[in-house]
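Student: Structure incoming, see below.
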Amino acid sequence: MIDRRHFFAGAAALASAALTRPACAQDYPQRPVRMIVPYAPGGASDILARLIQPHLDRELGQAFIVDNRGGGASQVGTQAVATAAPDGYTIGVIDSAFVINPGLFAGKLPYDTQRDFAPVSLLATTPLVLVVHPSVPANTAQELVALAKAKPGEITFASAGLGTAIHLAGEQFRQVAGIDINHIPYRGGGPSVLDLIAGKVSFTFSTIPSISEHIRGGRVRALGLTGGRSSHLPDVPSMAEAGLGGVDSAPLFGMIAPAAVPAGIIERLSAVAGGAARSGALRDRLLDIGYVPVGSTPAAFRARIDDEIAKWTRIIQTANIKPS
């Protein structure tokens, strides 16, 4: 028979624990929160983090401090999130490297992308634009495919570097279209676009903010958009409209936390960060600069991460891409 004293003591402990768990999330945060961006200042992830920062500060009542930790193809900063105390006071802002690296580094990452993190929210995506130099005799994506098939290995494709989102967008295009193109990796998107404008390479993929001015100036020609049409480039068809719907690369930007952060804190962060991305001034600002606001739930972001890892791993393995 259970001793009455032990029974009531156990019941009191359970009641106390039940009260403590929601209070933890309800009272979060009680001190400043570190928001790690795994890149140097100025990139797309950093811009997004600094755009959402004041909304988090205001809605959650504490300072969210952007901490740039570049290096190792985003691995340095991402590992810092994985190994942080799981109390909600260290979170991360990630981009497509988060879902590309598991396939690219094939078990050699210092963390497990699907096990060591709690997804918070997919904040935004951004379409990519397929652009060619004006000298390339192609006015549509299908004409570029036909040209590449007529001249196997002669059409050059510039990327921001081996294993980057731009490189894999081009590789996805190559695999979907069944063409033989010559990949030219650069050290960053800026140099690759400059050489495209100079006519040293045939085509590349680029984000709207990076390339729209050059499109309007006639320095490059836009042939298609991944992820649907954009109000920023209303005359440019989607890749699906061009009959290349499988070319769907759209870099993603999201918020993560260490895996063991309490679910209540994850839900609170997701409600505030995701809600800000979905509506109001932040949504309008994201649209203005070429992002597609999302603001997903943690579960939806988890599913997207799993799907993206599977897709890019398959493309990387098919092309036998190895990290430099």
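The values are calculated or read from the model by the stated rules, or taken from the named source; none is laboratory data. All values reported here derive from a predicted model rather than from experimental measurement. Here the Cβ is made from the backbone with ideal geometry for all residues, glycine too, and neighbour counts use every protein chain on show. What goes into the accessible areas is simple: the full protein's heavy atoms, side chains included, and nothing from ligands, DNA or RNA. Shrake-Rupley method; radii C 1.70, N 1.55, O 1.52, S 1.80 Å.
Student: It is to be established whether one or more residues within segment 112-123 are in a helix (DSSP H, G or I), open to solvent by 10 Å² or more (accessible area, probe 1.4 Å) and at negative phi. Step through it out loud before you land on a result.
Tutor: Pass one, segment 112-123, residues in a helix (DSSP H, G or I): none.
Among the residues of segment 112-123, not one is in a helix (DSSP H, G or I), open to solvent by 10 Å² or more (accessible area, probe 1.4 Å) and at negative phi, which makes the answer no.
Student: Within segment 137-177, can you find the residues that are farther than 18 Å from VAL201 by Cβ and either among the β-branched types (Val, Ile, Thr) or touching a Phe, Trp or Tyr at 6+ places or on another chain (Cβ under 6 Å) (or both)?
Tutor: THR140, VAL176
Student: Here's something else I'd like to know. I'm checking my understanding of the structure. Among residues of segment 286-300 that are out of contact with any helix residue (DSSP H, G or I) (no Cβ under 6 Å at 6 or more places or on another chain) and in a helix (DSSP H, G or I), which one is least open to solvent (accessible area, probe 1.4 Å)?
Tutor: Here the residue is LEU286.
Student: Does any residue in segment 55-73 that is in a strand (DSSP E or B) come within less than 9 Å, Cβ to Cβ, of a residue that is open to solvent by less than 40 Å² (accessible area, probe 1.4 Å) and among the acidic types (Asp, Glu) six or more places away or on a different chain, and which pairs are these?
Tutor: VAL66/ASP46; ASN68/ASP46
Student: Please state which one of PRO32, PRO54, PRO41 is at pLDDT below 95 and surrounded by fewer than 17 Cβ atoms within 10 Å (Cβ to Cβ).
Tutor: Answer to the selection: PRO41.
Student: Something else: Return a yes/no flag: does segment 237-251 have any residue that is farther than 30 Å from SER296 by Cβ and among the hydrophobic types (A, V, I, L, M, F, W, C).
Tutor: no
Student: A further question on this structure: Across segment 66-82, which residue is farthest from ILE52 (Cα to Cα) among those that are open to solvent by 40 Å² or more (accessible area, probe 1.4 Å) and out of contact with any Gly (no Cβ under 6 Å at 6 or more places or on another chain)?
Tutor: Filtering first and then ranking leaves GLY72.
Student: Specify the residue that is most open to solvent (accessible area, probe 1.4 Å); the eligible residues are those in segment 151-194 that are part of a helix (DSSP H, G or I) and out of contact with any Ser or Thr (no Cβ under 9 Å at 6 or more places or on another chain). Show your work before the answer.
Tutor: Within segment 151-194, the subset part of a helix (DSSP H, G or I) is 165-177, 189-194.
Narrowing further to those that are out of contact with any Ser or Thr (no Cβ under 9 Å at 6 or more places or on another chain): 174, 176-177, 191, 194.
Numbers: ARG174: 67, VAL176: 68, ALA177: 11, PRO191: 59, LEU194: 114 Å².
Going through the qualifying residues, I end up with LEU194.
Student: Could you say whether any residue in segment 101-118 is under 12 Å from the mean Cα position of the chain (by Cα), over 27 Å from ALA177 (Cα atoms) and of a type in the set (A, V, I, L, M)?
Tutor: No.
Student: Could you tell me whether segment 225-236 includes any residue that is open to solvent by less than 20 Å² (accessible area, probe 1.4 Å), in a loop (DSSP other than H, G, I, E, B), among the polar types (S, T, N, Q) and closer than 29 Å to SER324 by Cβ?
Tutor: Yes: one or more hits.
Student: Mind telling me which of the residues GLY218, GLY275 ends up being in contact (Cβ under 8 Å) with a residue 12 or more places away in the chain, surrounded by 15 or more Cβ atoms within 10 Å (Cβ to Cβ) and either not aromatic (Phe, Trp, Tyr) or not in a strand (DSSP E or B) (or both)?
Tutor: Details: GLY218 fails: surrounded by 15 or more Cβ atoms within 10 Å (Cβ to Cβ).
When all the criteria are applied, what remains is GLY275.
Student: Given the residues SER249, SER270, SER206, which is the only one that is part of a helix (DSSP H, G or I), hydroxyl-bearing (Ser, Thr, Tyr) and in contact (Cβ under 8 Å) with a residue 40 or more places away in the chain?
Tutor: Of SER249, SER270, SER206, the one residue that is part of a helix (DSSP H, G or I), hydroxyl-bearing (Ser, Thr, Tyr) and in contact (Cβ under 8 Å) with a residue 40 or more places away in the chain is SER270.
Student: Hey, another quick one. Are there any pairs with C-beta distances below 9 angstrom linking a residue in segment 301-319 that is open to solvent by 70 Å² or more (accessible area, probe 1.4 Å) to a residue that is modelled with pLDDT under 95, with the two at least 6 apart or on different chains, and if so which?
Tutor: Final answer for the pair search is GLN317/ALA106.
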